[in-house]
Amino acid sequence: DSGVTQTPKHLITATGQRVTLRCSPRSGDLSVYWYQQSLDQGLQFLIQYYNGEERAKGNILERFSAQQFPDLHSELNLSSLELGDSALYFCASSVASSGVTDTQYFGPGTRLTVL
Amino acid sequence: AQKVTQAQTEISVVEKEDVTLDCVYETRDTTYYLFWYKQPPSGELVFLIRRNSFDEQNEISGRYSWNFQKSTSSFNFTITASQVVDSAVYFCALSEPQGGSEKLVFGKGTKLTVNP
């Protein structure tokens, strides 16, 4: 158990819908990362938050957004869903010291299926 | 730009064989970090090792060992006396924190199957 929790574990929805994925980081970790794992693109970085502020963006679609709350949990919002958004979405957390990449511990993932 | 190449898509071995998973990376930074993660069939990503660019010592942890060679930009992973429980997809990843983010760039992964 990495200490990172993600809910829900599975999500099945229809095209055009909107969903919210939730992540709680390990105790003491200030940074949260979201990654998408799909068969064609592999594991790709989406976005990073550090202590409530957005720190970096990767290949995140405009239909996707995220935030980190004062209690440090994070939510990833996916809207106007398309079939191609079906994937495994991971959240990871780390201490994130400046200029150092600390170990990122991953949650169990949320498997999103868009029908 | 950061890039990680895991040329071996799939490897199949028989239990007790040794197996090496290759990882080659590209980076322009002098400060970077390399990682290996294991993804068993259950789907979670399990951290195995983190290595920074200034520490070229090889590491051994039980049946696992890692060989870091800056001269060839490689960070290879060897499992000695493989077991069925080692069957998983293994990912190598790179991070360049000086760029303002500690994001990980992953290779495509190597699927290891250990047969009894």
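A compact table of results
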{"item": "Spans of strands (runs of 3 or more DSSP E) in segment A:1-108 with at least 3 residues open to solvent by less than 30 Å² (accessible area, probe 1.4 Å)", "result": "A:19-24, A:31-38, A:42-50, A:64-68, A:74-78, A:87-94"}
{"item": "Selection from segment B:29-68 of residues that are without any contact (Cβ under 8 Å) to a residue 40 or more places away in the chain and in a loop (DSSP other than H, G, I, E, B)", "result": "B:30, B:42, B:43, B:44, B:53, B:54, B:55, B:56, B:57, B:58, B:62, B:63"}
{"item": "Residue that is farthest from residue A:89 (Cα to Cα), among those in segment A:51-72 that are more than 14 Å from chain B (Cβ to nearest Cβ) and touching a Phe, Trp or Tyr at 6+ places or on another chain (Cβ under 9 Å)", "result": "A:52"}
{"item": "Only one of B:82, B:71 that is away from every other protein chain (no Cβ under 14 Å), outside any helix (DSSP H, G or I) and either crowded, with 21+ Cβ neighbours inside 10 Å or modelled with pLDDT under 95 (or both)", "result": "B:82"}
{"item": "Of all residues in segment B:100-115 being farther than 16 Å from residue A:41 by Cα and within 7 Å of chain A (Cβ to nearest Cβ), the one that is most open to solvent (accessible area, probe 1.4 Å)", "result": "B:103"}
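The values are calculated or read from the model by the stated rules, or taken from the named source; none is laboratory data. Bear in mind the structure is a predicted one, so any value in this text is a computation, not a measurement. No Cβ is skipped: glycine too gets one built from the backbone with ideal geometry, and neighbour counts run over all protein chains shown. Areas reflect the complete protein model, heavy atoms only, side chains present, ligands, DNA and RNA absent. Shrake-Rupley method; radii C 1.70, N 1.55, O 1.52, S 1.80 Å.
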